[in-house]
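Notes for the one structure printed next.
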Amino acid sequence: MNVAIIGSGISGLGAAHVLSRAHEVEVFERADKPGGHANTIAHDGLQLDTGFIVFNERNYPRLVRLLSELGVRSQPSEMSFSVGCDRCSLEWSGRRPFAQPLNAASPRFLSFLAEVSRWLRTARRALEDGSHVDGTLLDFITERGYSRRFREHFLVPLTSALWSTAPERALDFPAGYAIRFFHQHGMLGFGRFGWRTVAGGSRAYVAALCEQLRGRIHLGLGVRELRRSPDGVILRTEDGEERRFDKVVVATHADQALRLLGDPSDDERRVLGAFGYTTNDAVLHSDPSLLPRRRSARASWNFARTDCDVSSGRPTITYYLNRLQRLEADQEYCVTLNRSEEIAPESVIARLTYEHPVYTLESLAAQRELGELSGPRHTVYAGAHHGYGFHEDGLASGVRAAALLGVDW
């Protein structure tokens with residue numbers, strides 16, 4: 001069977017890895033390099049990750065298996081989180097809440113920490129008994145009387161940073177969905193997770209997959225239109241050619257998938273159209289001024305805002321690569337989302353753009369129907385939006401796509 005795969009992120013490459021054992025596959029990628037969010041940039045002898053950076057063995061079992069099969073090594077990483085608010089002159093981190101010495105003598109800050117502790121207990125209890133987790137995060141904390149300070153200096157930064165979504169939309173996340181994720185990733189107070197990063201950058205596993213698929217990945221060749229016929233599918237590519245396949249795996253964002261379809265069904269329009277995405281500008285740089293001022297407050301992920309007003313715009317998150325990737329370097333290397341104008345121009349190494357799914361009650365309802373779209377009309381769908389939006393979710397969807405086409409992993 002001849003199978004086309006549209007997209008070379010983890011979902012598409014994962015599907016190709018499995019399907020190529022039994023079928024002829026061809027991967028089509030609009031960009032000039034494969035990998036999607038697995039995007040490593042070489043600089044001064046270092047391999048700097050700018051999208052996907054960390055994973056853990058408990059929540060990423062398929063990725064762990066894939067790296068093992070490919071012979072790609074990983075190494076320990078560190079996961080920690082800090083929040084800074086210019087308006088409130090506040091800096092704190094999860095591992096060092098009193099990195100700002102005044103915090104230890106501040107009744108407001110101590111009250112804030114007490115609320116965080118109450119949140120951990122309340123969220124765990126809500127998961128256990130399933131109470132009132134059908135609404136949004138805003139509904140959940142409003143019903144329980146959490147303060148604005150807790151909301152703007154803890155829950156909004158955490159949710160916004162995890163899903164790279166605008167602060168004003170962070171509390172629109174479905175409460176049960178978010179709380180389950182927090183619990184599974186050890187963010188509700190119990191369990192230390194062995195976080196890891198791919199040695200040599202995530203490009204190492206992408207290169208290994210592409211080596212297996214040599215000659216079957218078309219880079220710089222996007223698909224303009226996908227049409228289905230009774231006996232297969234027809235791809236019209238950007239070079240003007242029409243290519244016929246028995247089956248297709250559409251491993252793109254949901255909105256991109258819908259735009260590709262020349263003949264979408266009503267269900268495809270409704271379900272794929274329910275997903276929104278947020279666009280974030282990412283800058284790889286060596287300007288330490290985007291990190292917390294106090295070294296003791298610096299964490300692996302650093303959320304910063306000039307104003308704790310919920311409508312203050314897109315998140316500013318700085319990923320501290322020296323910690324995340326255990327870099328042996330004299331300079332500080334960072335990836336910062338959305339405050340590019342404040343980064344010293346001479347420190348900029350690369351400018352990139354990433355899109356991330358936005359989860360709402362509506363998109364979560366649509367997510368439950370995604371599986372029903374796969375199969376009819378020779379079309380199977382994959383993508384990280386089939387799960388929480390992370391690397392393991394993308395790989396899991398690619399593996400499921402392969403299984404639907406008769407090849408188990």
Worksheet item: Lys/Arg Cβ at +1, Asp/Glu Cβ at -1, dipole of the chain taken about the Cα centre: which of Ser89, Phe173, Tyr277 is farthest positive-ward?
Response: Ser89
Practice prompt. Please state, to two decimals, what the Cα-based radius of gyration of the range 163-259 comes to when divided by 2.2 N^0.38 Å (N = residues).
Written response: 1.61
Practice prompt. Bin width 10 Å, alpha-carbon pairs only: give the P(r) of the range 27-169 as whole percents, running from 0 to the bin holding the largest distance.
Written response: 8, 27, 29, 23, 12, 1
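Would you work out if the range 196-340 is rounded, prolate or oblate? Take a ≥ b ≥ c from the square roots of the eigenvalues of the alpha-carbon gyration tensor; rounded if a/c is under 1.5, else prolate when a/b is larger than b/c, oblate otherwise.
Numbers: a/c = 3.47, a/b = 1.76, b/c = 1.97.
Because a/c hits 1.5 or more and a/b fails to exceed b/c, the range 196-340 counts as oblate.
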Discussion item. Which trypsin sites (Lys or Arg not before Pro) in the range 1-69 sit in a loop by DSSP (not H, G, I, E or B) and have at most 16 other Cβ atoms within 10 Å of their own Cβ?
Written reply: Arg21, Arg58
Discussion item. List the residues, sorted by chain then number, that are 5 or more residues from Glu57 or on another chain and whose placed amide H is less than 5 Å from its amide H.
Written reply: Gly194
Worksheet item: For the charge dipole of the chain, defined by +1 on Lys and Arg C-beta atoms and -1 on Asp and Glu C-beta atoms about the Cα centroid, which residue among Ser80, Ile349, Thr40 has the Cα displaced farthest towards the positive pole?
Response: Ser80
Fill in: Cβ-based charge dipole, the range 292-409, positive-most Cα from Ala297, Thr316, Tyr388
Ala297
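What's the magnitude of the charge dipole for the range 175-248 around its Cα centre, counting Lys and Arg as +1 and Asp and Glu as -1 at the beta-carbon? Answer in Debye, nearest 20. Walk me through the intermediate numbers first.
Values: 13 positive and 8 negative charges, 69 e Å.
Roughly 340 debye, rounded to the nearest 20.
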Worksheet item: Mind checking Rg over Rh on the range 68-150, alpha carbons, Kirkwood formula for Rh?
Response: 1.12
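About the Cα centre of the chain, what is the dipole size in debye to 20, counting +1 per Lys and Arg Cβ and -1 per Asp and Glu Cβ, all else neutral?
Working: 49 positive and 50 negative charges, 256 e Å.
Dipole about the Cα centre, nearest 20: 1240 debye.
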Worksheet item: How much of the calculated P(r) for the chain lies past 28 Å, in percent of all Cα pairs?
Response: 49 percent
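Size of the dipole of the range 118-196 about the Cα centre, Lys and Arg at +1 and Asp and Glu at -1 on the beta carbon, nothing else charged, in debye to 20?
Computed charge dipole of the range 118-196: roughly 420 debye.
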Worksheet item: So how do 42-51, 142-151, 373-382 stack up, highest first, on mean other-Cβ count within 10 Å?
Response: 373-382, 42-51, 142-151
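Quick note: the coordinates plus some simple rules give every number you see, no bench work behind them. All of these numbers come straight from a predicted model, not from anything done at the bench. Neighbour counts run over all protein chains shown; Cβ positions are idealised from the backbone, glycine included.
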